[in-house]
1. If you go through segment 1-27, how many residues are outside any loop (DSSP other than H, G, I, E, B), at pLDDT 95 or above and either of a type in the set (A, V, I, L, M) or exposed (fewer than 14 other Cβ atoms within 10 Å of the Cβ) (or both)?
2. Of the residues that sit in segment 70-81 and are part of a loop (DSSP other than H, G, I, E, B) and among the small types (Gly, Ala, Ser), which one is modelled with the highest pLDDT?
3. Inside segment 66-81, can you point out the residues that are in contact (Cβ under 8 Å) with a residue 12 or more places away in the chain, open to solvent by 70 Å² or more (accessible area, probe 1.4 Å) and of a type in the set (S, T, N, Q)?
4. List every residue pair whose Cβ atoms sit under 7 Å apart, with the two residues 6 or more apart in sequence or on different chains, where the first one lies in segment 23-35 and is more than 12 Å from LYS59 (Cβ to Cβ) and the second, anywhere, is open to solvent by 60 Å² or more (accessible area, probe 1.4 Å).
5. Is there any pair linking a residue in segment 54-65 that is among the charged types (D, E, K, R) to one that is part of a strand (DSSP E or B), with Cβ under 9 Å and at least six apart or on different chains, and which?
6. Please determine whether any residue of segment 54-63 is small (Gly, Ala, Ser) and modelled with pLDDT of 90 or more.
7. Take the residues of segment 30-59 that are of a type outside the set (A, V, I, L, M) and within 15 Å of HIS19 (Cβ to Cβ): which is most open to solvent (accessible area, probe 1.4 Å)?
8. Condition first: touching a residue at least 40 places away in the same chain (Cβ under 8 Å), assigned to a loop (DSSP other than H, G, I, E, B) and surrounded by 18 or more Cβ atoms within 10 Å (Cβ to Cβ). Now tell me which residues in segment 82-103 satisfy that.
Amino acid sequence: MSLIKPVEIVAPEELSPVHFIAIGGVSMSSIAELFADRGMQVSGCDNSSSPVLERLADKGIQVSIGHDPSHLNGIRGVVVSSAINTGNPELQEANRRGLPIWH
């Protein structure tokens, strides 16, 4: 099974709110900040707290510790890190709901 299924290309603003799985990485946090700077509602989670997560929270991004399918309530799109495997509960739930997933 591949990590993601291809999705139709749409403007990011049309998919807000968007959730980042493993938001604490350098690349993922930068993309999350760009989305937030464009006025999108952004949330994300990671395995542990870090200065990066604190910075994102200070920018108004909702961050959570741990991966839980409930983080996807109200979400219209998901961005997933390469560090995430197909067994991740949020990724599985995003697939179950048919949400667009960007890698």
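The values are calculated or read from the model by the stated rules, or taken from the named source; none is laboratory data. From a predicted model like this one, the values you see are computed outputs, not experimental measurements. Note: ideal-geometry Cβ built from the backbone for every residue, glycine included; neighbour counts use all protein chains shown. In case anyone asks, the SASA skips ligands and DNA or RNA and just uses the protein heavy atoms, side chains included. Shrake-Rupley method; radii C 1.70, N 1.55, O 1.52, S 1.80 Å.
1. The number of residues fulfilling the criteria is 2.
2. Ranking the qualifying residues of segment 70-81, first place goes to GLY74.
3. So in segment 66-81, the residues in contact (Cβ under 8 Å) with a residue 12 or more places away in the chain come out as 66-69, 71-72, 74-81.
After this cut, where a residue has to be open to solvent by 70 Å² or more (accessible area, probe 1.4 Å) as well, the list is 76.
Correct list: empty.
4. What qualifies is GLY25/ALA83.
5. Listed by first residue and then by second, the contacts come to GLU54/VAL63; LYS59/VAL42.
6. Yes - at least one qualifying residue is present in segment 54-63.
7. Our first condition is that a residue be of a type outside the set (A, V, I, L, M); within segment 30-59, this holds for 30, 33, 35, 37-39, 41, 43-51, 54-55, 58-59.
Filter once more, keeping what is within 15 Å of HIS19 (Cβ to Cβ): 33, 35, 41, 43-46.
Working: GLU33: 34, PHE35: 38, GLN41: 117, SER43: 14, GLY44: 1, CYS45: 0, ASP46: 31 Å².
The qualifying residue most open to solvent (accessible area, probe 1.4 Å) is GLN41.
8. Selection gives ASN88, PRO100.
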